[in-house]
Structures are given as structure tokens and as C-alpha cells.
Amino acid sequence: MYALKFVDINVFVALRKTGFAFTAFLDFLYDQKCPSSVEMVYLMIILGGAVLMGIGDIKFDIMAYLTCFVCNLSTAAYLVC
């Protein structure tokens, strides 16, 4: 919630959607399990939307983005391990 001080709620939601990619990556590192091709397509669509939202962010603040990505990484680690 700290990141909400620096970004709009729409950008925050888009950044939190990238948590699926963090989970898939950590799942690959931990269990050596690759996502299926359908899952990869879904991941690319979600990541593409988050990138488009980030490009259009007028009030870009690196601290907010890093905070949200650390939150995503922590959540992914909790889910995988």
C-alpha cells in the first residue's frame, strides 16, 4: 500500500497484475516447471498491458514501481515455496 502514495490506483493494479509473471518465473527456478504455451500467451498479454500502462504513466516514480515489484516478488516467493 506504500506504493499507492506515488501512483494512481489504475497503475498500481496494472503493476500488481505482473505478479503472475513473478510466480511463473520463481516456479520455474524452484520446481523446474515450465508454463504451458497457453499460460505463456496469457502471461505475455498481462505483461503487455502492464507495460502499456507504465508507458502512459505521467507521474512515473521509480520508488513506487520498485515497491510494487518487491511486493510481487514477496508474494510469488510465498506462493511457490
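Assorted remarks:
- Of all residues in segment 72-81, exactly one satisfies the criterion of being in a helix (DSSP H, G or I) and exposed (fewer than 11 other Cβ atoms within 10 Å of the Cβ), namely Y78.
- Matching residues, segment 48-66, being surrounded by 14 or more Cβ atoms within 10 Å (Cβ to Cβ) and either touching a Cys at 6+ places or on another chain (Cβ under 9 Å) or among the charged types (D, E, K, R) (or both): D57, D61
- Residue in segment 1-47 that is most open to solvent (accessible area, probe 1.4 Å), counting only those that are in a helix (DSSP H, G or I) and charged (D, E, K, R): K5
- Scanning segment 51-71 for residues that are small (G, A, S) and assigned to a helix (DSSP H, G or I) yields G54, A64.
- Flag for F69 being of a type in the set (F, W, Y), closer than 19 Å to V7 by Cα and open to solvent by 80 Å² or more (accessible area, probe 1.4 Å): no
The values are calculated or read from the model by the stated rules, or taken from the named source; none is laboratory data. Just so it is clear, the structure is predicted and the values come from calculations on it, not from any experiment. Here the Cβ is made from the backbone with ideal geometry for all residues, glycine too, and neighbour counts use every protein chain on show. To get the accessible areas, we keep the full protein, side chains included, count just its heavy atoms, and leave off ligands, DNA and RNA. Shrake-Rupley method; radii C 1.70, N 1.55, O 1.52, S 1.80 Å.
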